[in-house]
Amino acid sequence: MIVLGNDLFYLEIQDGEETIVRKHYINTVEEFEEYKKAHPEKEIIGITPYPFFPKIDISTVPILIKLLNAKYKLSLKASYELKTKDLLENDIIFLGSFRSLHFLRYLLRDSLIEYSENPDDMYVKFNEPDTSFIFRQTGEPGEKHIDYCLFRKLPGPNKNTIYMFVSFFEAGISAATQYTFDEENIEKINELMEKRYGEMPEYFEILFKSNAYSRTPLNSEIIYFRKLEPEKLHIW
């Protein structure tokens, strides 16, 4: 199942007209319900019955379909529609921004990872036992900028596998997927892991840095990687 992160929009009556509204700090159903409860004076109808997908989430889908279609039965779903049942019955590939994780944000709990999707300070932070690393998104996405993509391979709850590509803008996911779908780069990842851990671990996380212009990656590199031990994740 390919899961595409979608931004949350809702319907509201404004000046007598039904209006589609997007607020950058409302990214989950729970946050929407809290906002609705806090503003009884507004004529809020509800979340739109159809999802909105930013370019960041759909640009790599054709590549995935081309790679996987001959081997697997594929299905597509918006992240806000994802249910526990889906995680039990499918291998999952998530493509989306940090703000569009929805239900899947719980897969980062009890993790060494922190992230901020605040437009004024977007960053990914890794808290190692003895130190921490913080990587901030810089620049304007319409111009020269730096983006990051977190790629994680996780154990699912039913002997299945979950892959997550999560970034701030299009450039991060585009660069990371291009990198990891290339056979030569897969060998580079294997070499990095084997040098540090003596093997290619079954589960891991990698942070990619991408220099980009106008949301298009110019180059990418691995700047952080770590073996994941299932018994320490506590995600299920």
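Summary of computed values
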{"item": "Calculated FRET efficiency for the pair E194/T131, C-beta based, R₀ 41 Å, to 0.05", "result": "0.95"}
{"item": "Computed Rg/Rh of segment 43-118, alpha carbon atoms with Kirkwood Rh", "result": "0.99"}
{"item": "Gained length - Y35 relative to F181, 0.36 nm times residue gap less alpha-carbon distance", "result": "48.5 nm"}
{"item": "Segment 1-158, relative contact order [Cα under 8 Å, separation at least 6], %", "result": "26"}
{"item": "Highest to lowest packing among 37-45, 141-149, scored as the average C-beta count within 10 Å", "result": "141-149, 37-45"}
{"item": "Over segment 119-236: Rg over Rh, Cα atoms, Kirkwood Rh", "result": "0.98"}
{"item": "Greater than 21 Å apart at Cα, pairs in K71/K159; K153/K188; K37/K83; K36/K77; K188/K227", "result": "K37/K83; K36/K77"}
{"item": "Tail weight of P(r) past 19 Å, computed on alpha-carbon pairs of segment 37-170, percent", "result": "60"}
{"item": "Proximal charge balance of I13 [Cβ under 10 Å; K/R count +1, D/E count -1]", "result": "-4"}
{"item": "Inter-part distance where segment 132-189 and segment 12-64 are each reduced to a Cα centre, Å", "result": "25"}
{"item": "Full-extension gain in nm, Y213 to H234, via 0.36 nm per residue minus C-alpha separation", "result": "3.7 nm"}
{"item": "Difference of contour (0.36 nm per residue) and Cα-Cα distance, E114 to Y224", "result": "38.2 nm"}
{"item": "Value at 222 nm in deg cm²/dmol, rounded to 500, when DSSP H runs of n ≥ 4 in the chain each add -39,500 (n - 2.57)", "result": "-6500 deg cm²/dmol"}
{"item": "√(5λ) per eigenvalue of the Cα gyration tensor, the chain, largest first, Å", "result": "31, 20, 19"}
{"item": "q = 0.30 Å⁻¹, segment 2-47: log10 I(q)/I(0) [Debye, one scatterer per Cα]", "result": "-1.20"}
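Each value in this text was obtained by applying a stated rule to the coordinates, not by laboratory testing. Everything numeric here is computed off the predicted structure, so don't read it as measured data. In this analysis, Cβ positions are derived from the backbone assuming ideal geometry, glycine residues included, and neighbour counts consider all displayed protein chains.
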